[in-house]
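Worksheet for the structure shown next.
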Amino acid sequence: MSEFLNRITANTTEFTEVKLAADTPLINATAGNLNLAGAVQMEPTISAGALAALADLQFEAQPKEPLTDPVFSKAPTTGKGMLSHVELIRDSFANVRRDLLDLRDKANARQNQAKSLIDRLCDFLDDYLKPEELRRLGVIDDDKQAPAFRLMVAPDLHNSDGFLLRPKLDLAIPRPGDAGPDGTPHNDESALFSAGKVVADDIRKIEALRGALTTLRRRHQQALEDLRARLAALETDIPGEIRQLDVRERARVEALDDYAVAQRLLAEHWREVEAAYAERKRVIESHRGLFYVKVRETPLGRTLPDPLDLRPASPDDLVPGCANRDTALPAALAPFIEAVYDIPAGDWASLRPLGHLLPGRAILAGLVDTRRQKLALRLNRAVSAETPVLTSLVQQNHALVREVAARPFNAGALSELQRQGNAILALDDLLAIPAPLLRDPARALHQRLDAAAGCLLARLRTIAPSIRLQWSTLAEANRLAVETPERWPGIADAEERDFNGVRTLVELVAWWFRQLDTDASGVARTAMRNLVRACLLLAASDDPRQLIQGTLKTIPGRFRIGEALRLTLNREAAPGTLLQLFDDGQRVIATLRVDDHDDQGTVASVASILDPEVERNPGAMLNTALRISGLNRG
């Protein structure tokens, strides 16, 4: 080798570098030639002298000793080509065949079930591919489209008519040595290939079932997403529909109130017709002769109520027919009587001359500060009314409170300071003053105002419903001369029906406004007018929320006056409230008086019996479906 290199070096004029390839043999030489392919790479070329030296060089056919130790030993020569490290497949094939048969048994066996797994799966597909189920999913519009859809979902599981074909895993898996289709026994390789065909057929059938299930799952998922979207849309629409329902409920309640008013007007009309008929009958039957004369029109004028004073029954009466006693007012009138009590002391006729009796600076300043704190709390409260028709009047009273709260209290002289305090302090503040000369008149006026308000509402409710409705309409529109009831429309008709009641009403309204001083402020007059207007509105149309309805909860063995029974009502009624009991024909057969409420319902007693048959035979006429109705005046 060294000789070879010396010869190349001696005959080379230009030689830059020799590169040996690492992944090929270094030199492959035989006795007759030299092969350097892939072993020597030269850059850029070898000179002509070096090529001539290589041509003359000869190498031995075999090396005398290996250059390095061999890594692999030479494989022995066999008769045919095979992989010597692969063992025979017979045992492995037998194990795989046994596992496949176990899988088939699990698919075909019932395993403590009524049907096998494949049969249950086919029943599931058959149930969920029925026409009615497909219509529910929205994939078809007609039952005639069902076979085509079934063929589209699982073409390998249905025949041409769209009927489900139940796949069977029944092809035999051959073993080495079993006879083949042509009678030749299978060897290892042919048994393996035949088993592969059977396994492929089983896989195809199982994949067909899996594809059908996947398609159904996607359809159901799409239907589920659609339902969720519809549910979200419905949840979005629910608040608006609830508000619409509330609007309709208010309209229904108002219509129910109008219906009650119409019932009262109809009842009044029928009473007038009956009275006219009775008068006609009396005229016809009480006279022996009936004469017809020519009717002549003669204008007649109706006089106003008798200007003479009525005689009071007691010296303590506010006016004749209205006793000076505590009268319970409904909750709807509470804001208005409160506004009357808030009228400054200087606006009352009986208290204005007593302004000099107010205490000194320190106590007076404390009283004014307390009054302003009360007014501030009242201004911070939300404006609300028990009855919707009274809302505008409550808002007016709220503005009056703001005007009184803004009045000054900063005079230097004591007399001027007392005058300013007299324009701010109300009746409640005067009740806390130690001076009896001012406290006692304030207490008496406070009691008489409360009694007058209750008497006024009670008198208005005795007026005919048609007249009350006319007055309330004008009062709501603020077109009624509240201070002068003699000018109210229909007052003459009301006087004809109840002379003493109307006279009491007129005198009571006059007394109400006489309590104010002639120089009273606009705040005081507005508060007094608003209470009278509120009484007119409440007397004409009751609050539908005060309507009480219910049924009998228990049927008493005896139905007599004073007998106790239980009721089921829609809301609690004040004790003493009278309720009407209707029969199946909507006739009033009795009146009931509310006594108490407990966890089991309402306890009432029989106040009056209008149908004697109920008292004689209560079991035949009474049942728990009979309707009870009334109005909560508390």
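The values are calculated or read from the model by the stated rules, or taken from the named source; none is laboratory data. Just so we're clear, the structure is a prediction, and the values are computed from it rather than from any experiment. In this analysis, Cβ positions are derived from the backbone assuming ideal geometry, glycine residues included, and neighbour counts consider all displayed protein chains.
Just a few scattered comments:
- Restricting attention to segment 496-511, the residues that are surrounded by 16 or more Cβ atoms within 10 Å (Cβ to Cβ) and either more than 13 Å from residue 459 (Cβ to Cβ) or in contact with a Gly (Cβ under 6 Å, 6 or more places away or on another chain) (or both) add up to 1.
- Close pairs (6 angstrom Cβ cut-off, 6 or more residues apart or separate chains): at positive phi in segment 521-534, part of a helix (DSSP H, G or I) and among the aromatic types (Phe, Trp, Tyr) anywhere: none
- Residues of segment 218-266 that turn out to be exposed (fewer than 11 other Cβ atoms within 10 Å of the Cβ) and either in the same structural domain as residue 467 (by TED's automatic domain parsing) or in contact (Cβ under 8 Å) with a residue 40 or more places away in the chain (or both), as a count: 0
- Selected residue [out of contact with any Lys or Arg (no Cβ under 9 Å at 6 or more places or on another chain) and surrounded by fewer than 18 Cβ atoms within 10 Å (Cβ to Cβ)] from 514, 566: 514
Yes/no per residue for (1) within 28 Å of residue 414 (Cα to Cα); (2) part of a helix (DSSP H, G or I); (3) out of contact with any strand residue (DSSP E or B) (no Cβ under 6 Å at 6 or more places or on another chain):
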{"position": "329", "(1), (2), (3)": "no, no, yes"}
{"position": "335", "(1), (2), (3)": "no, yes, yes"}
{"position": "350", "(1), (2), (3)": "yes, no, yes"}
{"position": "355", "(1), (2), (3)": "yes, yes, yes"}
{"position": "359", "(1), (2), (3)": "yes, no, yes"}
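- Residue under evaluation residue 606, criteria (1) crowded, with 20+ Cβ neighbours inside 10 Å; (2) under 39 Å from the mean Cα position of the chain (by Cα), criterion not met: (2)
For (1) in the same structural domain as residue 459 (by TED's automatic domain parsing); (2) modelled with pLDDT under 85, each residue gets a yes or a no:
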{"residue": "324", "(1), (2)": "no, yes"}
{"residue": "335", "(1), (2)": "yes, no"}
{"residue": "350", "(1), (2)": "yes, no"}
{"residue": "371", "(1), (2)": "yes, no"}
{"residue": "377", "(1), (2)": "yes, no"}
{"residue": "382", "(1), (2)": "yes, yes"}
{"residue": "386", "(1), (2)": "yes, yes"}
